[in-house]
Amino acid sequence: MLQLLSHFVYLAFVALGVFAVGNALRGLIYKPESRLEAFLAGSGMGFVALSAALFFLGILKLFVAPVFLTLHLILLAFLVAQAKQLVNLLIPDLSWLKGSSLFVRFAFLVFAVIAVLNFTVASSPPVSADALLYHLAIPKIYLSEGGIVHIPWLQVISEMPMSIDLLYMYGMSLLDGKLSQLIGAYMSFLSSLVVFLLARRLTLSNQAGIVAAALFLTLPIISVFNVRSYVDIPIAFFALLAISFFLDWIERLELRYAVLVGIFLGMTLAGKTISLVVLAAILACVAVLLFRFPFVSKKKILMQLLVAGAICAAIFLPWIVKSYVHTGDPLHPYLYSHFGGRYWNDDLDRIVLEETYRAKGIGFSPFSLVRFPFEITVNPGRFADTAGITPVFLGFLPLLFLITIKRRAGALLLLALLLVLLYFLLAQYTRYMVPLWGIMSVVTAYIAHNMKGERLVQAGLYLFIMLALAANGIFWMGANADSLPVAIGLESESDYLKANVPTYAATQHLSGIDKDAVVCWYGSGRGYWSSNPYVWCNPFLQAYVNFFNISVPSDLAGRLASLNVSYVLFENEMREPILYGDRLHLRWLYSQRTVDFHMRSNELLFAYLGNHSQKVYEDKSVELYKITPVAVS
């Protein structure tokens, strides 16, 4: 329990320090209309500034203790300088709860309980697949190397924009990966506050705001991913801030709002490439509004859009330049067919782009588009994630025809429609669509708020939402309850990691017998908990150890020897090909050609191991082999 409290103290330092820096920057741009808006804008700008600073320090190879100490002191200095203002801003005004209905109080209670539970669970050791493969593993490598370096065996991921991952790295520099996970949970919580702000601005009602925030924070897809060091929900924090200020901009056409849109949209794009969907939706919305309101000054709009675009590019483009310098492809691996690239090839391009990223969801026909809202509600397994959303969104949408839609709400609905279309065409992953789920939470609360004239109908809607919130709370327990004991000290971290990370015992065994040995990791590559240096040898997602060009065991022996590999860690999940349809929640579609390549790679590896290794460890998930030294020709 003492360790849990210490992590919360460090999180408070990061949160308050980042806000203090961002609030000073925010004061140079605009004056917010509420304390909540000031807090969210300040926090967002602080995280943008910290991420940008870490990027350029990393490029300069300055990830060293004195530099991190300087960063910590800068945050502390801003925190002390703005202490009085912080106190005034951070004490929430909950007077609106007095006299609120039972429904609103229930929504607030659910929101508060889930928020506290989220922070508690996020303090457990990281175990999620993507966190161990890259969201935390890559920042850990950057820290060990003293800067942002090219990781050729992981470049399919490490050369993507990673602004959020750098914020996780800051948590590691300050304490450990658990603090990184808490920082992610904190940004996810901030996302729910932006949803609250959006709903309150639409309805002028705190009650509607808390309903929207509770709906969003308790969504099953949010419950699963906001406590596991993923980046999708933190990215939504910046995307929803950009959308909020975009709505302000289209109402007032003031430059300050265009600047804020540029800042937060730039951070959104720098978090994940698929966030280009949000940019496309905003630009399409601008085009529609220009057509709808032709009397608006096009010159003024163009100038302000150019300013926003320049700011957005200044935040996003450095990641594009980094990718081009390291791989020869500015959006590796998406533009390989146009630019080529190092440590990549046509076969990997086919496997990754055609099969991994396109073969999912329900297809791309017009009929599939009509089915899309229903399918993603009732059948989330078809969209690459085990958790879904809520039937409340789908149930409430027809009621839009019964209420008056004001201009700001109309613009938000237009954005939602554009996002649905773009996500359908480009990324049928429920987890990638978090900005859309934030908007839908706002729209649902807006509909419920505006059905006041129909008391019986409104009572039914409130009951529907309450049941959904209760169901979401039950889902949260099913998804996260196993992490509570270790978070509060009732289970040892070692036992927890052995139970939840299949490779943990093997990596700890290896570090105990040869802590400096280099490992060829043939499998998932989830190496965050490994103390040994390693090379990811998954044949499908890297060409650093290029199984497409290796035809005999001696060639593989020579390549691994050139990398000073001393051990091979083989994950048993790689033994059999996973064919399409074998599992409900399948992420990949393997063609027969790819299955044959998988089997040939396995045969090649085991032919090599049979002649050049000795098995030194085995459990149900992993086999660990010690390599016999081979001279490099």
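Structure notes:
- Share of pairwise Cα separations in the range 360-449, more than 15 Å, in percent: 58 percent
- Under the convention that each Lys and Arg Cβ holds +1 and each Asp and Glu Cβ holds -1, the size of the dipole of the range 163-311 around its Cα centre is about 420 debye.
- Heavy atoms of Phe424: accessible area, 1.4 Å probe, square angstrom to 10: 0 Å²
- Kirkwood radius, the range 190-293, all distinct C-alpha pairs, inverse of mean reciprocal distance: 14.5 Å.
- Helices in the chain, meaning DSSP H runs of at least 4 residues, each add -39500 (n - 2.57). Divided by all residues, the mean residue ellipticity at 222 nm is -20000 deg cm²/dmol.
- Reach of Lys31 by Cα under 23 Å, taken over lysines that are not fewer than 8 positions away in the same chain: Lys84, Lys300
- Equivalent-ellipsoid semi-axes of the range 25-75, from the Cα gyration tensor, Å, largest first: 28, 11, 8
- Computed over the range 309-409, the percent of Cα pairs more than 23 Å apart is 57.
- Take the Cα of Leu306, step 7 Å toward its Cβ, do the same at Ala471, and the gap between the two points is 5.2 nm.
- Normalised size of the chain, defined as Cα radius of gyration per 2.2 N^0.38 Å with N residues, equals 0.98.
- Annotation: peptides 149-158, 376-385, ranked by per-residue average of other Cβ atoms within 10 Å with the highest first, follow the order 149-158, 376-385.
- Within the range 80-175, the proportion of Cα pairs with more than 20 Å between them is 60 percent.
- Applying a DSSP loop filter and a limit of 13 other Cβ atoms within 10 Å to the trypsin sites (Lys or Arg not before Pro) in the range 83-140 leaves Lys98.
- In the range 505-546, the portion of solvent-accessible area held by carbon and sulfur atoms comes to 48 percent [1.4 Å probe, whole percent, DNA, RNA and ligands not counted].
- Each Lys and Arg Cβ is given +1 and each Asp and Glu Cβ -1; about its Cα centre, the chain then shows a dipole of about 2200 debye.
- Partners of Lys61 within straight-line reach, counting aspartates and glutamates whose Cα lies under 12 Å from its Cα and excluding those fewer than 8 residues away in the same chain: Glu145.
- Each of Gly146, Leu182, Met169 was placed along the dipole of the range 145-289 (beta-carbon charges, centred on the mean Cα), and the one lying farthest toward the positive end is Leu182.
- Taking only the C-alpha atoms of the range 222-346, the Rg (one decimal) and the largest Cα-Cα distance, Dmax (whole number), read 16.9, 53 Å.
The values are calculated or read from the model by the stated rules, or taken from the named source; none is laboratory data. Given the structure is predicted, the values throughout are model-derived calculations rather than measurements. Because the Cβ atoms are built from the backbone with ideal geometry, glycine has one as well, and the counts that use them run over all protein chains shown. Side chains are part of the model used for accessible areas, which takes the heavy atoms of the whole protein and leaves out ligands, DNA and RNA. Shrake-Rupley method; radii C 1.70, N 1.55, O 1.52, S 1.80 Å.
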